[in-house]
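The values are calculated or read from the model by the stated rules, or taken from the named source; none is laboratory data. Computed from a prediction, not measured in an experiment: that's the story for all the values here. Glycine also receives a Cβ, built like all others from the backbone with ideal geometry; neighbour counts cover every protein chain displayed. The protein model used for the area step is the full one, side chains on, heavy atoms only, and it has no ligands, DNA or RNA in it. Shrake-Rupley method; radii C 1.70, N 1.55, O 1.52, S 1.80 Å.
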Amino acid sequence: MNKKLLPYGRHSVSEEDIRAVVEVLRSDWLTTGPKIAEFEQQIAEFVGVKEGVAVNSGTAALHCAMFAAGIGPGDEVIVPPLTFAATANCILYMGGRPVFADIEPDTLLLDPAEVEKKITDKTKAVIAVDYAGQPCDYDALRAITDRHGLLLIADSCHALGARYKDRPIGSLADLTCFSFHPVKHITTGEGGMVVTDNPDFAEPIRRFRNHGITTDHRQRSERGTWYYEMTDLGFNYRITDFQCALGISQLKRLQEWVSRRREIAASYDRVFVDVDAVQMVRIRPDAYHAYHLYPILLRLEKLNISRTILFQELVSAGIGVNVHYIPVHLHPYYRRRFQTGAGNCPHAEQRYEQLLSLPMFPAMRDDDVEFVIQQITQVIRKNQR
Ligand SMILES: *Cc1c(COP(=O)(O)O)cnc(C)c1O
């Protein structure tokens, strides 16, 4: 019989979560109702800021952040290449231009020194990505964005629950984006949120998620009026109340889940630190890492098989390894449109060749973790040079 593949990430949904969703399905408001503000307030409070605006994906959250930042044609926004395409795509949605700055080869995070090199008189903002769940060096990035009068935006889709120098992710940038896709820390099916301490950013985002209209359906119904104005070109990025009910219910278990992710990471660390063909990603001592992913770097010169073969062997052994990510500037669309390509960001390109994400989700049992460790060490040992 075919053994079920242990995936690299997976949601956990409890009976309590299901009850919370069903309760909303029986209520008057399936969308634009009270659960949205409740979820927004709870996430904002959790990360220690004033405002949260919930939307229907992490990608929508990024688009909203670019709108609030006022990005438009002619503007440049600096992004790391080792991320999901949406981090850079959101700049294009607003007509801006993504400029790729390389990562630090040891932490795999956006390198502040590289950011500084890419700043021109067209630069408006920097998007930091907390790759795998490890916070970027926010003090260093903030010093640069302040000095040049730029906005600092965080794509923290990997890092809900992480902390930098004991400050929560979500409170460190001008605008921070989260995703609630099922592989992320908590889920609403699809969903996302922008959090910010600045009401002047939150207000336009609330409009932008609702076609650029100044009031929503519930506000008009409460005021007994049909009149509304569309002041900007927005989108329908609304999330539903039953999704937010799921998010509220999931949030109760977030801290426990991040602890479990850290426990799994510690088990992996203990073994892989002594495996010659594995290079560990450096974790900064000031980071409280949320481990959305657990990536390892293969020292390919110490192996007589390629990453592709290793990947395939592990998948056939039932280990759902993955690779995060193909550097964005190497995708055909970016190559064609911006003439990007190999050599633009050498650290990201080299690390990409070595990367492998191991299964990492809170519902993994200790014997799952042991199985992953045993299979990987076995395949590596068999093929070591
Ligand atoms: C998941 C993710 C997104 C997009 O989130 P969706 O909810 O899938 O739209 C953006 N950036 C990063 C780094 C992500 O991991």
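Quick look at the values:
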| quantity | calculated |
| --- | --- |
| Number of the condition not met by residue 36 [criteria: (1) farther than 30 Å from residue 327 by Cβ; (2) surrounded by fewer than 16 Cβ atoms within 10 Å (Cβ to Cβ)] | (2) |
| Subset tally (residues that are of a type in the set (D, E, K, R) and within 23 Å of residue 109 (Cβ to Cβ)) for segment 313-349 | 1 |
| Flag for residue 186 being under 13 Å from the mean Cα position of the chain (by Cα), at pLDDT 95 or above and either within 14 Å of the ligand (Cβ to nearest atom) or not basic (Lys, Arg) (or both) | yes |
| Filtered residues of segment 356-365 (kept if touching a residue at least 24 places away in the same chain (Cβ under 8 Å) and surrounded by fewer than 18 Cβ atoms within 10 Å (Cβ to Cβ)) | 363 |
| Qualifying residue in segment 295-311 (condition: hydrophobic (A, V, I, L, M, F, W, C) and within 28 Å of residue 140 (Cα to Cα)) | yes |
| Odd one out for residue 192, checked against (1) small (Gly, Ala, Ser); (2) under 23 Å from residue 29 (Cα atoms); (3) open to solvent by 10 Å² or more (accessible area, probe 1.4 Å); (4) modelled with pLDDT of 95 or more | (3) |
| Count of residues meeting criterion [of a type in the set (A, V, I, L, M) and buried (at least 21 other Cβ atoms within 10 Å of the Cβ)] in segment 342-354 | 1 |
| Candidate set from segment 41-69 (those that are open to solvent by 10 Å² or more (accessible area, probe 1.4 Å), among the small types (Gly, Ala, Ser) and touching a helix residue (DSSP H, G or I) at 6+ places or on another chain (Cβ under 9 Å)); member that is nearest to the ligand (Cβ to nearest atom) | 57 |
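Matching residues to (1) touching a strand residue (DSSP E or B) at 6+ places or on another chain (Cβ under 6 Å); (2) part of a loop (DSSP other than H, G, I, E, B); (3) open to solvent by less than 30 Å² (accessible area, probe 1.4 Å):
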site: 207; (1), (2), (3): no, no, no
site: 215; (1), (2), (3): no, yes, yes
site: 225; (1), (2), (3): no, yes, no
site: 233; (1), (2), (3): no, yes, no
site: 243; (1), (2), (3): no, no, no
